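**Student:** Next up is a structure, given as structure tokens.
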Amino acid sequence: MEQTKGKRGRKPGANSSTSSVQVLDRSLALFSLLAQRDGATLTDLTDQTGLAPSTIHRLLTSLASHGMVAHDPDTGEWTIGVKAFEIGNAFLRFRKLGTISRPFLKRLMDESGETANIGIEDDGDVVFISQVESHAPMRAFFRPGRRGAIHASGIGKAILATWSDTEIAKLLASKTLTHFTERTLDTLPSLIKNIQEIRNRGWSVDDEEHTLGMRCIAAPLFNEYGEAIGGISVSGPTVRIDDKRLKILGPVVRRTADELTRAVGGHRPEES
């Protein structure tokens, strides 16, 4: 049986895919035009793009539903939305954090002899964005972009320790606290108890809670509003990071976190 084809010999569905790409292209073009101006009316955008007003309105309405653009009914102008600002600001912040953090990570690795990491919180997970590996043959490795469970991560717990217990409970209410090892804090009460210790101490420890034989020491990083934007850590095997060395490295990591915080223009909440 001869296969039915669409226009130009394409298989069914090809036109739909092409149409979706065209919609995306047009939406991004409109978004770019708005970014170059303080505001634009539907007529302005029609003149500049040659698209039908109905098409432009449909695309802008879709962008507005995601907070990417906003409409002023009094002036009829469309402008860049708050969500677009948040995304752009996040890009600048984390690009800045990744770049500025390199010498701090290098120094921390040199001082500790262990792998140094930078991570951020995203949608209830920890995402590693930069790392300087230890020279030791047995060492920790976290590929940039890798996600980790926030409750079983030194950086994750360091960030959570800057939140209220209510905020922590709300975040974790819809998540399963995965049991990785017999040391994993996989209940909210046990996690909150540990986080209170972190608050009192100033730095966190992943004590074989994700991987047996590995420890991580971390402290939070703050922005200009005193809000935690991530954490810095050192990770290594328990045979090197024993209890005695844990107490030595904890303050070193905390000091480095505070120095990096100041380098990106931030401060700890109590300093505001």
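The values are calculated or read from the model by the stated rules, or taken from the named source; none is laboratory data. Here the structure is a predicted model, which is why all the values come from computation and not from measurement. All Cβ positions, glycine included, derive from the backbone under ideal geometry; neighbour counts span all protein chains shown.
**Student:** Looking at (1) in a loop (DSSP other than H, G, I, E, B); (2) touching a residue at least 60 places away in the same chain (Cβ under 8 Å), which is the only condition His135 fails?
**Tutor:** Failing condition for His135: (2).
**Student:** What are the pairs, 6+ residues apart or on separate chains, where a residue within the range 150-175 that is more than 18 Å from Leu221 (Cβ to Cβ) has its Cβ under 8 Å from a residue that is of a type in the set (Gly, Ala, Ser) and assigned to a loop (DSSP other than H, G, I, E, B)?
**Tutor:** Going by the 8 Å Cβ cut-off, the qualifying pairs are Leu171/Gly124; Leu172/Gly124; Lys175/Gly124.
**Student:** Ok, one more. How many residues are part of a loop (DSSP other than H, G, I, E, B), surrounded by fewer than 24 Cβ atoms within 10 Å (Cβ to Cβ) and either hydrophobic (A, V, I, L, M, F, W, C) or touching a Phe, Trp or Tyr at 6+ places or on another chain (Cβ under 6 Å) (or both) if we restrict to the range 145-162?
**Tutor:** First, the residues of the range 145-162 that are part of a loop (DSSP other than H, G, I, E, B): 145-146, 153, 161-162.
Now restrict to residues that are surrounded by fewer than 24 Cβ atoms within 10 Å (Cβ to Cβ): 145-146, 162.
Narrowing the set further to residues that are either hydrophobic (A, V, I, L, M, F, W, C) or touching a Phe, Trp or Tyr at 6+ places or on another chain (Cβ under 6 Å) (or both) leaves 146.
Counting residues in the range 145-162 that are part of a loop (DSSP other than H, G, I, E, B), surrounded by fewer than 24 Cβ atoms within 10 Å (Cβ to Cβ) and either hydrophobic (A, V, I, L, M, F, W, C) or touching a Phe, Trp or Tyr at 6+ places or on another chain (Cβ under 6 Å) (or both) gives 1.
**Student:** Return the total of residues in the range 119-169 being out of contact with any Lys or Arg (no Cβ under 8 Å at 6 or more places or on another chain), at pLDDT 95 or above and of a type in the set (Val, Ile, Thr).
**Tutor:** 5
**Student:** Report the residue count in the range 48-60 for those that are assigned to a helix (DSSP H, G or I) and surrounded by fewer than 11 Cβ atoms within 10 Å (Cβ to Cβ).
**Tutor:** We begin by selecting, within the range 48-60, every residue assigned to a helix (DSSP H, G or I); these are 48-49, 53-60.
Next cut, surrounded by fewer than 11 Cβ atoms within 10 Å (Cβ to Cβ) only: 54.
So the answer is 1.
**Student:** Here's a check for you: in the range 222-248, which residue that is assigned to a helix (DSSP H, G or I) and not basic (Lys, Arg) is nearest to Ile150 (Cα to Cα)?
**Tutor:** Going residue by residue through the range 222-248, those that are assigned to a helix (DSSP H, G or I) are 243-248.
From what is left, the residues that are not basic (Lys, Arg) are 243, 246, 248.
Working: Asp243: 23, Leu246: 21, Ile248: 24 Å.
Only one residue fits best here, namely Leu246.
**Student:** For the range 228-258, which positions are of a type in the set (D, E, K, R) and loosely packed, with under 13 Cβ neighbours inside 10 Å? Talk me through it step by step, then tell me what you get.
**Tutor:** Going through the range 228-258, the residues of a type in the set (D, E, K, R) turn out to be 240, 242-245, 247, 254-255, 258.
Within the range 228-258, Asp242, Asp243, Lys244, Lys247 qualify.
**Student:** Only one of these is assigned to a loop (DSSP other than H, G, I, E, B) and over 20 Å from Gly124 (Cβ atoms): Leu212, Leu185. Name it.
**Tutor:** On the way: Leu185 fails: over 20 Å from Gly124 (Cβ atoms).
Being assigned to a loop (DSSP other than H, G, I, E, B) and over 20 Å from Gly124 (Cβ atoms) holds for just one of Leu212, Leu185, which is Leu212.
Conditions (1) farther than 14 Å from Gly156 by Cα; (2) touching a strand residue (DSSP E or B) at 6+ places or on another chain (Cβ under 7 Å); (3) in contact (Cβ under 8 Å) with a residue 60 or more places away in the chain; (4) among the small types (Gly, Ala, Ser), marked per residue:
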| position | (1), (2), (3), (4) |
| --- | --- |
| His179 | yes, no, no, no |
| Glu182 | yes, no, no, no |
| Glu197 | yes, no, no, no |
| Ser204 | no, yes, no, yes |
| Thr211 | yes, no, no, no |
| Leu221 | no, yes, yes, no |
| Val234 | no, yes, yes, no |
| Arg240 | yes, no, yes, no |
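**Student:** Please specify each residue of the range 17-47 satisfying the condition of being buried (at least 16 other Cβ atoms within 10 Å of the Cβ) and of a type in the set (D, E, K, R).
**Tutor:** Once the filter is applied, which keeps residues that are buried (at least 16 other Cβ atoms within 10 Å of the Cβ) and of a type in the set (D, E, K, R), the range 17-47 yields Arg26, Asp44.
**Student:** Report yes if Thr18 is among the hydroxyl-bearing types (Ser, Thr, Tyr) and modelled with pLDDT of 90 or more, otherwise no.
**Tutor:** Details: among the hydroxyl-bearing types (Ser, Thr, Tyr): yes; modelled with pLDDT of 90 or more: no.
For Thr18, the condition - among the hydroxyl-bearing types (Ser, Thr, Tyr) and modelled with pLDDT of 90 or more - is not met.
**Student:** Let me ask you something else. Quickly run through the range 199-213 and pick out the residues that are surrounded by 21 or more Cβ atoms within 10 Å (Cβ to Cβ), closer than 23 Å to Glu111 by Cβ and not aromatic (Phe, Trp, Tyr). Even if it seems obvious, please write down each step before you answer.
**Tutor:** Taking the range 199-213 and keeping what is surrounded by 21 or more Cβ atoms within 10 Å (Cβ to Cβ), we get 203-206, 209-210.
Keeping just the survivors that are closer than 23 Å to Glu111 by Cβ gives 203-206.
Ser204, Val205, Asp206, listed by residue number.
**Student:** Just to be sure, is Phe104 closer than 30 Å to Leu260 by Cβ and at pLDDT 90 or above? First the steps, then the outcome.
**Tutor:** On the way: closer than 30 Å to Leu260 by Cβ: yes; at pLDDT 90 or above: yes.
Answer is yes for this residue.
**Student:** For residues that are surrounded by 13 or more Cβ atoms within 10 Å (Cβ to Cβ) and part of a loop (DSSP other than H, G, I, E, B), tally how many sit in the range 163-174.
**Tutor:** The number of residues fulfilling the criteria is 1.
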